[in-house]
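Structure first, commentary second.
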Amino acid sequence: MSTDNPQLHANEGIKTRSNYLRGNLAESVANPLTGAVSDEETQLTKFHGFYMQDDRDVRAERRKKKLEKAYSFMIRLRIPGGVVTPQQWQDIDRIADQYANGTLRLTTRQTFQYHGVIKGNLKKTIQEIDATCLDTIAACGDVNRNVMCNPNPELSHLHAETLKLADEISSHLLPKTRAYHEIWLDEEKVTSSEEEQEPLYGKTYLPRKFKTVVAVPPSNDVDIFAHDLGYIAIADDEGKLIGYNVTVGGGMGMTHGREDTFPRIADILGFCTPEQAIDVGEKVMLVQRDHGNREDRAQARLKYTIHRKGIEWFKEEVEKRLGYPLQEPKEFHFESNGDRYGWVDGVDGKSHLTLFIPNGRIKDTADYPMKTGLREIAKIHKGDFRCTANQNVMIAGVSPEERPNIEALIRQYKLYKGMHHTGLRMNSMACVALPTCGLALAESERYLPDLVGYLEEIMKDCGLRDDEIVIRMTGCPNGCARPYLGEIGFVGKGPGIYNVYLGAAFNGSRLNKLYRDNVPQDNIIPMLRPIIQDYGANRQPGERFGDFVIRSGYVEPTVKGHDFHDNVKYKNYMI
Amino acid sequence: MSNQRKIIPDNAPFTREETEWLDHFFTQMSPEQATWLNGFVSGFQAYQLTDSGVAQSQPSPGGLAIQQPQVSSVAEKPTLMVLFGSESGNAEALAADTKKLAQKSGFKATLLDMADSDPAKLSKESNVMVIISTWGEGDPPERATGYYQKFMAADAPRVDGLNFAVLGLGDTSYEHFCQMGKDFDKKLEELGGNRIQDRIDCDVDYEDAANKWIDDALKAFSANSETAQEPVWEVSEASAPVSPAQKEVYGKKNPFPAELTDRVVLNGTGSGKETLHLELSLQGSGIEYQPGDALAVLPVNDHDVVTEIVQVAGLSDDQPVTNKKGESVKLHNFIMEECDATVLSKVFIEKYNGFAQSDELTELLKPENKPKLQEFIWGREIVDLLIDYPVENLSADNLTSLMRRLPPRLYSIASSQRATPDEVHLTVAAVRYFAHRRHRKGVCSTFLADRIKIGDTVPVYVQPNKHFKLPESGDAPVIMVGPGTGIAPFRAFLQERETTEASGKNWLFFGDQHFTTDFLYQLELQDFFKDGIVTKIDTAFSRDTPEKVYVQHRMLEKGKEIYQWLEEDGYFYVCGDASKMAPDVHGALKSILQSEGSMSEDAAEEYLDNLKKQKRYQRDVY
């Protein structure tokens, strides 16, 4: 693909010029006068796993203080399947104190983020991460991102196989440039006459980010339909893996005010055997590489390519490259996209504890020393830790002998605190947003806990205290916390103003729809109270809130994604 | 007069009366007198040329010599060397005033900086007055270190018969108060000198006591000098020495009320530091300053601190006390504005114990308990003493007599007058800490931070520092090491080099705790860099990483280049902390010379000594 096309997005030129993601990154990082990297390098850092951000709370004061913006970096780890050893947990924890803001942020894609790492510490941080046998390569950027996998402890044989797939896909689709190793790990540049190659990506990588997940029914905790490429593990009657249904073209992000952008539920492309899985994934990515939109980044994700060209065309193109056809998809059934909290016994005599981590933020507070508690557990734990797709953490593989010691630490550090929350809170998820995220239009992580508190009051009044409703909030429409899959979704429009979406499926198989736009935050509760009261009084047995609001006519169902903006009943709340 | 010969030509610049008088005089003159007069006239002329102040104030010198016929011989005028060691410029200014006074008092006086001299020269002198300040842990002024070490050495040359008197400048709030004065005084005696007046140890409000002592000392030197002569000219007011400051409308004696026009805390939210950028208006003052100079600020005490002192002393705010001018003023006001109401010192405790008669304090004041005393003083203030060792019936005048005068505080100026003609900028760290169950505040820094509002005026004067100056040549490379508030004079330097379009390279080393919140003047420095004013900047932020990184570590990383700059006749400046940073930077510089210049340790030290002599290694440390 030619890159001197003037129509191409500027980022395509940056990638082309970067000499496989090197650019002037080393020089830009070494400049001691500024905590920022230059504009072009800012784009390149993403491929290395970090984003430049600034503390937006203090923007106003900084200039007067003769200081530049309070720049820092968000560093995201690459942890396929979200599994880390207790030693890695301790290292990750220590690095947060040494170089980041002293907290760890679990993400919706099963990894850790550090926030507040200053430029001068980037290199040391990445070297420390490397020393724990982890990296940050391709954690962001126009590449295949961290590969997610259901951390399914009950069916641990199946999980082991699906985790292996996640790991192998991650390795297979990893950029091959040595830029990361040269810039951050001081690897000698190999003076070979051979031009460095990205056999899969080429000089310009992908048009846009590319997200891959593996789900193990009946749990859809990874939100399989919200990703570019998905594998739904299919087991036979004995629970033995026989292959995967492959899904393509899901995605959350959209742009306010552009109806040609929308969240989209993935299509099921077909079924493949475990041996074919990596090959199929590669070909899906390559079709997107060659046919994705490189002029308009808001139209560049695979979902738009498929929407534009049609799923039949896409399937043909993939099968052409594969050289064999995909099989018909197998039957499967999803129950929910939440996590199962508490202790669960696995098949091998070991048990697994999923802890609720409010908004995925691991930190110490005076009455909730969560970070210390998890570190203490890591010091004695013999199994491993698994980050879930809902920003929670699982202490996995606990032997019966080990369990009392773990439980003692849970009590000592009050880690059970997270377990006594309502079904509402335990199914709520917010992105980071203000103050660090440069995209945020409104608060999210700092506001949702309060909002859920008010909603809990209403639920209690309606006799719904223990009922679960999936609540998702993001500070912007880009969708990090997958807000369009919330039975109630809040998407920031401006400071203190949100679009409110209703009606997604509890198991993540249907998107929600806009109920009201531009709602001031103080009006959210008065607006939702009558709907929840109605739900409490008039729902059918077992009926989920997301289904109820459709049946009751509050919103029309969203079928696929491109109809996301259609049939909206009430717009312009302000009017 | 009829028999006199015509000797003075008619075109000589004299009146007819004078010509006649001279003709008569020369006719009667012996050859011996003629020789003497020859020497006298040339000496007198030289004297006039070297001391314009006297010449201006005595416009009729011819008449003077004649009106003072008791002066038989200028050649026999006693000599007096005024030897000083100065850091901030106070000792130097005092020495310069002393020299002038001595000249007026009939001495052939010379002024000598220890930095430019050697103790060996002392043996040739007959009278020497030493004026020296003490710094840090009883250290000599930076530039007098070499002199001091040689003089204190076992092989220091004898000074038998040398008349001497020593004036020490210091600060009673430091443990080693006036240690330098004490050392010189003792050593001069040991080496055979003759102390003609007892040493004086002056505190920060030294002026009055020092002037009186100098006056007495000059009289003592006169009386002790074998060739003592009556003064040529009487000094009309011995207590009011000639001071350059007096010539200005505003100065030390008459501080300018400068309006505070801007105040910003430079540290970002979340910082552990509180560094203020202050802008003061000098409009209408006529005050001039150079980059490298300091601004003296006269603070007012914290109201609550004074109120508590008055209360615990059992006094009332309105009680009348007598101020220095003999006027009756209210106690609270007087302490607020005139007295050092916080700093605890040995001197203060001694005086206070005169009233308190505390066994505990008496024990503490014993020489063998010096370390305990220091420990006691640390973190305590005057109010603690009043509370813990109460005195019954302490009168208001008793209380104020204990306190020394509230000293001005000096801050390195952070602006160039070329860049900001009517303003002076300061970079001030607000001092706040918690000790002995109380929150403590630095008097002047919190005065500037909290107790004045934008639009209020602050009494200030300029304290010149001619030993911290940019190179005369704009082409010379300049290396500046200024962590923390040490950045202040370098902001002035950079502004100066920008406005004068100096072409020399500039390299700044800056450091503080955290990059994000403590990079003082970051945006300005970015502009200086963008505009090519700053050629290089290296930073060290000590608390961003587990291992502490300081400016000297950055220097060592760039040793090769630093050596290159020095070899290109570069200038090296250090400003900031004297206790740790400056010695560490010095050490780093030395090891750079050793590694990059292949020098022995001694050779490196000598190289640095030479740099100092060439004024290419200057420090402003505190």
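Quick notes
- Close pairs from the range B:515-528: first within 7 Å of another protein chain (Cβ to nearest Cβ) and within 12 Å of residue B:277 (Cβ to Cβ), partner of a type in the set (Lys, Arg) and crowded, with 22+ Cβ neighbours inside 10 Å, Cβ under 8 Å, at least 6 apart: B:521/B:491; B:524/B:491
- Contact map, the range B:260-284: first residue away from chain A (no Cβ under 12 Å) and surrounded by fewer than 17 Cβ atoms within 10 Å (Cβ to Cβ), second residue not in a loop (DSSP other than H, G, I, E, B) and not hydrophobic (A, V, I, L, M, F, W, C), Cβ cut-off under 6 Å, separation 6 or more or different chains; pairs are B:261/B:279; B:261/B:281.
- Test result for residue B:111, at pLDDT 90 or above and surrounded by fewer than 22 Cβ atoms within 10 Å (Cβ to Cβ): yes
- Failed condition for residue B:215, given (1) closer than 30 Å to residue B:279 by Cβ; (2) in a helix (DSSP H, G or I); (3) at pLDDT 90 or above: (1)
- Taken over the range B:549-589, the criterion of being away from chain A (no Cβ under 13 Å) and among the charged types (D, E, K, R) is satisfied by B:560, B:561, B:567, B:568, B:569, B:577, B:580, B:584.
- Some residue of the range A:418-435 being in contact with a Cys (Cβ under 6 Å, 6 or more places away or on another chain), buried (at least 20 other Cβ atoms within 10 Å of the Cβ) and farther than 20 Å from residue A:352 by Cβ: yes
- Unmet requirement for residue A:331, which otherwise passes all of (1) of a type in the set (Asp, Glu); (2) modelled with pLDDT of 95 or more; (3) closer than 14 Å to residue A:219 by Cβ: (3)
- Residue match in the range A:438-453 (condition: outside any loop (DSSP other than H, G, I, E, B) and more than 23 Å from the chain's Cα centre (by Cα)): yes
- Residues that are out of contact with any helix residue (DSSP H, G or I) (no Cβ under 9 Å at 6 or more places or on another chain) and within 17 Å of residue B:136 (Cα to Cα), drawn from the range B:563-621: B:579, B:580, B:583
- Just one residue in the set A:559, A:500, A:549, A:555 is β-branched (Val, Ile, Thr) and either touching a Cys at 6+ places or on another chain (Cβ under 8 Å) or exposed (fewer than 15 other Cβ atoms within 10 Å of the Cβ) (or both); that residue is A:559.
- Positions within the range B:587-612 being under 16 Å from residue B:549 (Cα atoms) and surrounded by fewer than 19 Cβ atoms within 10 Å (Cβ to Cβ), in sequence order: B:587
- Total residues in the range A:29-60 satisfying the condition of being away from chain B (no Cβ under 14 Å), within 28 Å of residue B:525 (Cα to Cα) and in a helix (DSSP H, G or I): the figure is 7.
Table: residues versus (1) of a type in the set (A, V, I, L, M, F, W, C); (2) surrounded by fewer than 21 Cβ atoms within 10 Å (Cβ to Cβ); (3) in a helix (DSSP H, G or I); (4) within 14 Å of another protein chain (Cβ to nearest Cβ).
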| residue | (1), (2), (3), (4) |
| --- | --- |
| A:66 | no, yes, no, yes |
| A:90 | no, yes, yes, no |
| A:105 | no, no, no, no |
| A:108 | no, no, no, no |
| A:113 | no, no, no, no |
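- Qualifying residue in the range B:463-479 (condition: without any contact (Cβ under 8 Å) to a residue 40 or more places away in the chain, more than 10 Å from chain A (Cβ to nearest Cβ) and among the charged types (D, E, K, R)): yes
- Selection within the range A:203-247 - on the phi > 0 side of the Ramachandran plot, surrounded by 20 or more Cβ atoms within 10 Å (Cβ to Cβ) and either touching a Leu at 6+ places or on another chain (Cβ under 9 Å) or at pLDDT below 95 (or both): A:205, A:223
- Selected residue [under 28 Å from residue B:348 (Cα atoms) and surrounded by 19 or more Cβ atoms within 10 Å (Cβ to Cβ)] from B:431, B:460: B:460
- Helices (runs of 4 or more DSSP H) (entirely within the range A:115-214) containing at least 2 residues that are free of Cβ contacts under 8 Å to residues at least 40 places away in the same chain and not aromatic (Phe, Trp, Tyr): A:119-131, A:156-172
- Pairing residues of the range B:576-596 that are among the polar types (S, T, N, Q) with residues that are not in a helix (DSSP H, G or I), at Cβ distances under 9 Å and at least 6 apart in sequence or on separate chains, gives B:579/B:136; B:579/B:137; B:579/B:621; B:594/B:600.
- Close pairs (9 angstrom Cβ cut-off, 6 or more residues apart or separate chains): farther than 17 Å from residue A:198 by Cα and without any contact (Cβ under 8 Å) to a residue 60 or more places away in the chain in the range A:277-296, assigned to a helix (DSSP H, G or I) and of a type in the set (Ser, Thr, Tyr) anywhere: A:291/A:305
- Criterion: of a type in the set (D, E, K, R), closer than 30 Å to residue B:388 by Cα and not assigned by TED's automatic domain parsing to the domain that holds residue B:382 - qualifying residue of B:437, B:497, B:491: B:437
- Enumerated helices (runs of 4 or more DSSP H) restricted to the range B:284-389, each holding at least 1 residues that are in contact with a strand residue (DSSP E or B) (Cβ under 6 Å, 6 or more places away or on another chain): B:331-338
The values are calculated or read from the model by the stated rules, or taken from the named source; none is laboratory data. Just so it is clear, the model here is predicted, and its values are computed rather than measured. Positions of Cβ are backbone-derived with ideal geometry, glycine not excepted, and every protein chain shown enters the neighbour counts.
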